[in-house]
Every structure is written in structure tokens, then in C-alpha cells.
Amino acid sequence: MNSAAHHAHAGHHGHQGGHGDHGSHGHAAASAVSHRLELATPRVTAGEKTDLRFSVIEDGEHGPRLLASSAEYEESHGKELHLIVASRDLSVYRHLHPVLGGDGIWSVPVELPKGGEYRVFADFRPHGGDPVTAVAVLLAEGAGEPVALPEPTGVALVDGYEVRLDGELVGGEGGALVFSVHKDGQPVTDLQPYLGAYGHLVALRAADLAYLHVHPGGEPGDGVTPAGPEVSFHAVAGGPGPYGLFLDFRHGDVVRTAAFTTR
């Protein structure tokens, strides 16, 4: 699977979404607010770098409204908006940080290696509101056959690093996922902070790409959280089935992604 950059914040919580958009808040149904992601570039060509452009629309009691300025977003995990792009078979994963233009359109360059259907997740917090994950479908034109999800394994190799996973996603009150980072057979004890944390985790359910973003316990500089080799998370699964897990960590000034399959 592919490497990507990712985001995080300390804490013990996550938010989840499936095919639809969510992120409502308010005191009554009549004042409920929801958000949706509109792609200005719903199609790209596989293998070509393209500016992926999109907008965020807020649907409230007074009708749709474009969230057009930075003042309408609250910084979350070091950024105003995080964008996850994943292929339907979970073999391609990107974590991107778009830029908001003066016209209210977000944009970020992306190059997808194969054709097919991709899911796009915009992860943000509107000003004064709760965290939102808005979802859209992106089509990449070109050759590309789906591949089977790898069998569950407790070890991932990326760029000479070995990352070990202890724990599984569970429902109900959730459970612990502990990742341990090694290089050349030695534990890495000098992980670098990246957007406020030592590790960042996204889980996508294979059946429907339901989205779960999980935050690690502790944060750099809090006096109790070590800089590796272990990064711990508390996660609650949204339902049964295999999941793709994507752990981002920073070391040697490079952000890498370790990919796992878990049930």
C-alpha cells in the first residue's frame, strides 16, 4: 500500500462516517445543520497529477451556504481541513492537506496510480460546531483492477521500518491498539511530533469504506508520553468486517504510513 502524510491530536476519541455525509449540530431538528462535499473535479486521469478541487456546503434551515473563508473553520490537529483519498479496494491511500482559495474552493494536487472508484473524506470542524466528515466519490479514468485486501497481519514494513500491531478493533466500549516502530531491528525512541502527536490512525471498513479517525493517548511534551517505540490508541469499531488501518508516523523528517488489515 502507498505511503501518505497524516494528521492527529491527542485524546481518546474518534468520529466515523460511511457513504453519507454527517456532522449535524443544534438544539432541535428544525435547526439541524449538515455538511456535504462537492467535487469540482469529480474525475481525474490515473497516473497524471491533477489539482483536486472541491467545496464544502453547509445545509441549514436557511438553505445551502458555502463555507468560503478560514474564519468558518476551526483548526483541528494543526490544519483547518484534512483530506483522505482511498481507493475502493483500499490498495491506495492518501492523506492530503488542501489550501482554501479566495473563491471558497479548496485545492490540492493528487496523483492516483490506477483507475477506478475512490472515496474522498473531508475531515474538519466548522466554527462553533462538532467535527465533521463529509464524503464524496471520485473516479479515476484509466487501467486498474481491484486487488484483494491483504490477510490480517501484525507486522507492516515501510521504507525499512517494521511496525508491529498489538490489539484489534472491537465494538462497544472499544479497545486498545498499540503500534511499535522499529528500524534495523532496534526500537525507535525518537519519533518526531507531526501535527501535535507521535502517531495518527485512520481505519476504513472494507465492506463500505465506513471511516474512523482515531487519536492517540498523550501528546509530545506532556511529560508522560514517550517518543516511541509504542504509540497507543483507543478505538471503537463501527461494525463487523475487515478494516484497513493506516498509521502515520514521522521519523528522520519524513512522514510514513504503515498499512494493516484487521478484523
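The values are calculated or read from the model by the stated rules, or taken from the named source; none is laboratory data. Since this is a predicted model, take the numbers as computed values, not measurements. No Cβ is skipped: glycine too gets one built from the backbone with ideal geometry, and neighbour counts run over all protein chains shown. To get the accessible areas, we keep the full protein, side chains included, count just its heavy atoms, and leave off ligands, DNA and RNA. Shrake-Rupley method; radii C 1.70, N 1.55, O 1.52, S 1.80 Å.
Quick one: HIS95 ticks every box in (1) over 18 Å from the mean Cα position of the chain (by Cα); (2) assigned to a strand (DSSP E or B) except a single one, so which number is it?
Here HIS95 clears every test but (1).
Which residues, counting only those in the stretch 160-215, are closer than 27 Å to VAL137 by Cβ and assigned to a strand (DSSP E or B)?
Result: HIS200, LEU201, VAL202, ALA203, LEU204, ARG205, TYR211, LEU212, HIS213, VAL214.
Within the stretch 139-151, identify whether any single residue is closer than 27 Å to SER34 by Cβ and open to solvent by 10 Å² or more (accessible area, probe 1.4 Å), and answer yes or no.
Scanning the stretch 139-151 turns up at least one residue that is closer than 27 Å to SER34 by Cβ and open to solvent by 10 Å² or more (accessible area, probe 1.4 Å).
Considering only residues that are open to solvent by less than 30 Å² (accessible area, probe 1.4 Å) and acidic (Asp, Glu), which ones fall in the stretch 218-263?
Hit for the stretch 218-263 is ASP248, nothing else.
Conditions: (1) surrounded by 17 or more Cβ atoms within 10 Å (Cβ to Cβ); (2) assigned to a strand (DSSP E or B); (3) not β-branched (Val, Ile, Thr). LEU157 meets all but one. Number of the miss?
(1)
Please return the ranges of strands (runs of 3 or more DSSP E) entirely within the stretch 1-74 where 1 or more residues are at pLDDT 50 or above and more than 18 Å from the chain's Cα centre (by Cα).
Because the criterion is at least 1 residues that are at pLDDT 50 or above and more than 18 Å from the chain's Cα centre (by Cα), the strands (runs of 3 or more DSSP E) in the stretch 1-74 that meet it are 34-39, 43-45, 50-60, 63-66.
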